[in-house]
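Notes to accompany the following structure.
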Amino acid sequence: MNLLIGAGIFVVILLLLVFLPTILARVLDPINARRIRAYCESVGCSVTEIKPFPNHYGVSFEKNGKKGYAKCRVSKGGIRWKGKSPQEF
């Protein structure tokens, strides 16, 4: 009986580990998208799309009538841009 309970707990822990990235993405992606959108609006860009990828976010925006695209990562509440940030366009 104890072996069965131990095996059940082990399976539950494994399932949590397998689905942890999906659970975190559903929680963190909307929060990070709001941060990215707020940053872009503060530098004078209108965001048309924020698309989450496994290792970055793709941000399509428009600034001064020109369309642009930038990649960024969000960690510890800060945004790190890969390449040019929307402010530099």
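Taken together, the values in this text are just the output of simple stated rules run on the coordinates, not laboratory data. Source: prediction; values computed, not measured. Using ideal geometry, Cβ is built from the backbone for each residue, glycine included, and neighbour counts are taken over all protein chains shown.
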Inter-label distance, nm, simple model (7 Å from Cα along the C-beta direction), Met1/Arg34:
4.8 nm
Which whole number in µm²/s is D for the range 15-63 by Stokes-Einstein, with the Kirkwood Rh taken over Cα pairs at 37 °C and 0.692 mPa s?
277 µm²/s
Taking alpha-carbon centroids only, the range 1-23 lies from the range 41-89 a number of Å equal to 38 Å
Whole percent per 5 Å bin, from 0 to the bin with the longest distance: what is P(r) over all C-alpha pairs of the chain?
3, 13, 21, 18, 11, 8, 6, 6, 5, 4, 3, 2, 1, 0
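His56: net charge of surrounding residues, Cβ under 9 Å, Lys/Arg +1, Asp/Glu -1, itself excluded?
Surrounding charge for His56 is +3.
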What angle, in degrees between 0 and 90 and rounded to the nearest 10, separates the Cα long axis of helix 2-42 from the longest principal axis of the Cα atoms of the chain?
10 degrees
Could the peptides 51-63, 1-13 be put in order, highest first, of the mean number of other beta-carbon atoms found within 10 Å of their residues?
51-63, 1-13
Each label sits 7 Å from Cα toward the beta-carbon; between Gln87 and Tyr69 the label points are separated, in nm, by 2.4 nm
Can you give the charge dipole size of the chain about its Cα centre, rounded to the nearest 20 debye, using +1 on the beta carbon of Lys and Arg and -1 on the beta carbon of Asp and Glu?
340 debye
Under a Cβ-Cβ limit of 4.7 Å, which cysteines in the chain have nobody to pair with?
Cys72
